[in-house]
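To keep things clear, I will list the structure first and then write my remarks on it.
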Amino acid sequence: LVQSGIDPTTSGGISTVLASYTSLPGAAPTVIGPVGLDLSRNLLVGIATNSASVGPASLNLYDVTSLSAPIALAAYTFPQSPYKDNKNCIGQCFFAGDYVFAICGNNGVMAYKVVVGPPTPPAFLVQPRNLQLVEASAGTMSVTLDQTAAYQWQKGGTNISGATASSYTISPAQLSDAANYRCVASNFFGMNTSSVAVVTVRALADVYHLTPTWGLGPLSRPYLVADSDSKGQTPLYRSIACNSLSNQIYVISRTNATAGLTINVLDASTGADLYQLDTTGIAGGSIVLLAMGVADDGSLYAGNMSYTTPADFLLYRWANSAPATSPTLVYSGEPANQTSSLRWGDNLDVRGAGTNTEILVDAYQGTFAAILKPTDSSLGSFTSSFFTESTPSSPIGRSLQFATGNRAWQKRSGKDLQLYAYDLPTQTGTLLSNYTGLPASIGPVALDVSRNLLAGINIAGVSTNAPDTLALYDITDLSAPLLIATYNFPSNALPNKNMVGQVLFAGDRVYALDGNNGIVAFSIIAPAKPQLNVGTDGSKVILSWPSFFTGYTLYSASAAVGPHTNPEGPGVAAGNYYWVTNTLSGTQKYYRLQK
């Protein structure tokens, strides 16, 4: 800390150093950077910046009655959690009357009031959140305090050995880890206890899983060509479509940005190449074709990427997937009737069949989306009805999916999962829900609401030297999605800066394409369910189920249809089974195991 004299009559203005104080911390792990002084109170505040691996930055308070020997009074942590590096120690702090204000680069702004009396015990700025885990997975709870303190995590009110950091990680999760957790914080000024976080752990047998069926790595097929842009901004294969009627997968690819278009037909069960669709006459747009979808009647639809003024979005239709079927141009124009330059075609979704076919598209810029519908039973011409989305459609790496009725899902890399409704007569869209529980690294997603499943592409980044992954979530509670498992793409991550890709649920399968990183296919494995065995022994009814299935209770009812609300008990464990014994009563009983 240096005090200098200022002489405004001297060239340069600043004279020699009057005093230099060396007693403030200036070496790792704590380095005091910017400071503020209030000499009327003999106080100094300074920002202590750490590396992210050490811990959060803090605003430290000192008594400087003797500037050569400052007395540390307290330290107050910045709110950013987890702490972000501030390599150049950028920040500012100052006194303003009875207040102190401080900013730490990347880590937030704080304000405090200067008061007389002993400091207060540590307070929790961020409380631990409830945590849902699948058996053998991992999860972390964390807290943020207003000042420096010691941490002690507790499970069921009992200290956890070694759990003395601001966060506590459970890995690998076991069923016995399900409990109430809290954190106790203490320092010289007292102690405080966080709110309780409830950790639940679901057994592996109780959740869906994926098992690989086939995968195609980058360059493994002629049409899975390398991106000519070293930054991965323009993958030459971007989207896939699935035809359940013909059990086929379609992959659009190009040999460069504007030429060499192919639509490659694969066997959906094995990934084997079958043939290529006819692309005669397809042209226009700066990247020819991007997205594709399949109607319920097996018709195929694909759109170009338009970026002209006004945009000329082209939509093509194949009546079926036979190799000799030629595409028909069924729409050409600007879907939202705008005169400005909007980019359409990065995404689309198709539902319905025949004259009930609907195609959902949106623009990269602005807030426009549109529904394309056929004008008559010939399906040779489509019209567009547009509406405004609640938020802009960018960036490029995103997904669109019809929900029920006039609703749709959208997920963009770095953004939340959104459910919105649209009203075509008023040309408006309304955001219904904004779900914040998915990581920012999740880009395009697909939802299977019948199974409460979501699958999304997690972009690992080239610097990690690890492959991108397909993450599977249980979305029974969409506000707190439960990560079930992650599944690797075929090779270490290649550049995909715009996070371009697509995920599809198709019956009992999941397919995903990650731009520049290949294609993966999985079968969906349903949770195992116990078989209830029923037998008689004289005047008794004996019921049993395998002991591998824990947490079940046997219920009964007087009718097969309707709720089973009469508890018969969780059973008595003996051998490899749980057992329940009933006495014959002469009336009907219907039994069901429920968890």
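Listing for the model above:
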read-out	value
Of all residues in segment 95-112 being surrounded by fewer than 15 Cβ atoms within 10 Å (Cβ to Cβ) and not charged (D, E, K, R), the one that is farthest from ALA48 (Cα to Cα)	GLY97
Segment 140-170, residues that are among the small types (Gly, Ala, Ser), more than 23 Å from the chain's Cα centre (by Cα) and on the phi < 0 side of the Ramachandran plot	ALA149, ALA150, SER161, ALA163, ALA165, SER166
Residues of segment 344-380 that turn out to be of a type in the set (Ser, Thr, Tyr), surrounded by fewer than 18 Cβ atoms within 10 Å (Cβ to Cβ), farther than 17 Å from GLY293 by Cα and touching a Pro at 6+ places or on another chain (Cβ under 9 Å), as a count	1
Count - residues of segment 47-66 that are assigned to a strand (DSSP E or B) and either surrounded by fewer than 20 Cβ atoms within 10 Å (Cβ to Cβ) or at pLDDT 95 or above (or both)	1
Every residue from segment 566-595 that is in contact with a Pro (Cβ under 9 Å, 6 or more places away or on another chain) and more than 15 Å from PHE548 (Cα to Cα)	VAL580
Residue ranges of strands (runs of 3 or more DSSP E) in segment 223-282 with at least 3 members open to solvent by 20 Å² or more (accessible area, probe 1.4 Å)	273-276
Of all residues making up segment 136-153, the number that are more than 29 Å from ALA48 (Cα to Cα) and either modelled with pLDDT of 95 or more or surrounded by fewer than 17 Cβ atoms within 10 Å (Cβ to Cβ) (or both)	2
Lone unmet requirement of (1) more than 30 Å from SER246 (Cβ to Cβ); (2) in contact with a strand residue (DSSP E or B) (Cβ under 7 Å, 6 or more places away or on another chain) for ALA493	(2)
Checking PRO212 against (1) within 30 Å of THR469 (Cβ to Cβ); (2) part of a strand (DSSP E or B); (3) open to solvent by less than 30 Å² (accessible area, probe 1.4 Å), the condition it does not meet	(3)
Failed criterion for GLY333 (all others in (1) more than 25 Å from PHE505 (Cβ to Cβ); (2) at pLDDT 95 or above; (3) small (Gly, Ala, Ser) hold)	(2)
ALA165 being small (Gly, Ala, Ser), assigned to a strand (DSSP E or B), in contact with a strand residue (DSSP E or B) (Cβ under 8 Å, 6 or more places away or on another chain) and open to solvent by less than 60 Å² (accessible area, probe 1.4 Å)	no
Spans of strands (runs of 3 or more DSSP E) in segment 498-583 with at least 1 residues open to solvent by less than 70 Å² (accessible area, probe 1.4 Å), in contact (Cβ under 8 Å) with a residue 40 or more places away in the chain and closer than 30 Å to VAL294 by Cα	501-506, 509-514, 518-525
Boolean, SER384 is buried (at least 22 other Cβ atoms within 10 Å of the Cβ), of a type outside the set (Val, Ile, Thr) and touching an Asp or Glu at 6+ places or on another chain (Cβ under 9 Å)	no
Single residue of segment 448-470 satisfying the filter (open to solvent by less than 10 Å² (accessible area, probe 1.4 Å) and more than 26 Å from SER230 (Cα to Cα)) that is farthest from the chain's Cα centre (by Cα)	LEU453
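For every residue, the table says whether it meets (1) of a type in the set (D, E, K, R); (2) assigned to a loop (DSSP other than H, G, I, E, B); (3) touching a strand residue (DSSP E or B) at 6+ places or on another chain (Cβ under 8 Å).
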site	(1), (2), (3)
PHE94	no, no, yes
ALA102	no, no, yes
MET110	no, no, yes
VAL116	no, yes, no
THR120	no, yes, yes
ARG129	yes, yes, yes
ALA136	no, yes, no
THR148	no, yes, yes
SER161	no, yes, no
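The values are calculated or read from the model by the stated rules, or taken from the named source; none is laboratory data. Since this is a predicted model, take the numbers as computed values, not measurements. As a convention, Cβ positions derive from the backbone with ideal geometry for all residues, glycine included, and neighbour counts pool all protein chains shown. For accessibility, only protein heavy atoms count, side chains too; no ligands or nucleic acids. Shrake-Rupley method; radii C 1.70, N 1.55, O 1.52, S 1.80 Å.
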